[in-house]
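Just below is one structure, and these are the notes that go with it.
Here, each number is a calculation from the coordinates, and none is a lab measurement. Being a predicted model, the structure only gives us computed values, none of them experimental. Because the Cβ atoms are built from the backbone with ideal geometry, glycine has one as well, and the counts that use them run over all protein chains shown.
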Amino acid sequence: MTDSPLTIQRHIIEQMRHHPHASGDFTQLLQDVCLAAKIISYQVNKAGLLNILGIAGTENVHGETQKKLDVFSHDVMVNALQAGGHLCIMGSEEDEDPIFIPREYQWGKYTILFDPLDGSSNIDANVSVGTIFSIHRRVSQEGTKGKLEDLLQPGYKQIAAGYIVYGSSTVFVYTTGQGVHGFTLDPSYGEFVLSHSNIQVPKKGKIYSVNESYFDYWDEGMKNYIRYIKQIDPPTGRPMNSRYIGSLVADFHRNLLYGGIFLYPGDNSTESRKKGKLRLMYEANPVAFIIEQAGGMASTGFQRILEVIPDDLHQRVPLIIGSEEDVKLAESFIQGKTKL
């Protein structure tokens, strides 16, 4: 007789026994995220049949055209999380303002920020997309309405973070500061079961992921790093292999498992992009927490991502993330310490 699979619910409960923020509220909040992930996964897998592919006809706060599935995923996250009594406030990449918990629900101890559907521009081409989330303990007085300051906390104060990949299978990866664990949704009985225990990213990888169409807009240090890793030098593991999907969740998940580096630096194509494109609160902070728990690094090129002090809910930041040796070398080039 084989042992029954370890579900994510059981895993969360077992981890909470040794967690400094252990509480029934925290456990239930993570389980609410799991429920939202299952609903989004179902709709992503049936998107072509349910007439929710394509353009919604609206723009989000960043001026980006929203896909129908963006709007749907945002609504699922809000509806699944706001009524539980565990949160005091939420933030979504799709919403310009903080999302306050209605007064008819209890105001809880925690906050959550999320990107409801990362990589959604790829959905019509059946490319993997995902959800990213970040959880903090509130800093304002408990039992009161949440405040913006509850959301604008640096990444090192996260108490949980994770992402869900909706691809050939649906995979839920999360950390509560006690390692990184991955769970695959078993469609036969609708549960996430442990498939990747205590993930550790290799110290050095063979894969680099970057949108090279912006090469001419990069600073010289960044250009030199890419030139360097494309040179042929087998003793140093070069050239590295280029793999770029254009969905942060998908690119990050691959490199987390196989090793390597993902780069989305600032560029000079427009004034706003000099600060990078990815959002600190919804994208960079959660994956940075995960990669550090897996033994890797996350940097702006000059600073640890988790130490960036946020001043805006939709703040953008350069992101250099992945295997420790690869990120350190990239930093050295970007800072001008290493040259070709």
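List of remarks:
- Residues with amide H under 5 Å from that of G301, placed H, sequence gap 5 or more: I320
- Normalised contact order of the chain, rounded percent, pairs of Cα under 8 Å and 6 or more residues apart: 15
- Radius ratio Rg over Rh of segment 8-196, counting only Cα atoms, Kirkwood formula for Rh: 0.96
- Projected label points at H314 and A83, each 7 Å from Cα along the beta carbon direction, are separated by 2.9 nanometres.
- For the chain, a crude dipole built from +1 on the beta carbon of Lys and Arg and -1 on the beta carbon of Asp and Glu, taken about the Cα centre, is about 800 debye to the nearest 20.
- Charge dipole (segment 207-334, unit charges on Cβ, about Cα centre) - positive-most of H314, Q303, Y228: Y228
- Remark: segment 207-334 carries a charge dipole of roughly 260 debye about the Cα centre, counting +1 on each Lys and Arg Cβ and -1 on each Asp and Glu Cβ.
- Between Q31 and S188, the FRET efficiency estimated from the beta carbon spacing at R0 = 25 angstrom works out to 0.80.
- Once the chain from K157 to F215 is taken as fully extended at 0.36 nm per residue, the excess over their C-alpha distance is 17.5 nm.
- Gained length - Y258 relative to K274, 0.36 nm times residue gap less alpha-carbon distance: 2.8 nm
- With the convex hull constructed from alpha-carbon coordinates only, the chain shows a mean projected area of 18.6 nm² over all directions.
- When the chain is described by a simple charge dipole with +1 on each Lys and Arg Cβ and -1 on each Asp and Glu Cβ, the residue from F133, Y264, P154 located farthest towards its positive end is Y264.
- Fraction of alpha-carbon pairs over 14 Å apart in segment 286-327 - percent: 43
- Taking the C-alpha atoms of segment 207-334, convex hull volume expressed per residue in Å³: 98
- Each peptide in 70-83, 218-231, 184-197 gets a packing score, the mean of other Cβ atoms within 10 Å over its residues, and the list from highest to lowest is 70-83, 218-231, 184-197.
- In the chain, the longest principal axis of the Cα atoms and the axis of helix 248-258 are about 70 degrees apart.
- Over the chain: helical MRE at 222 nm, DSSP H runs n ≥ 4 each giving -39500 (n - 2.57), nearest 500: -8000 deg cm²/dmol
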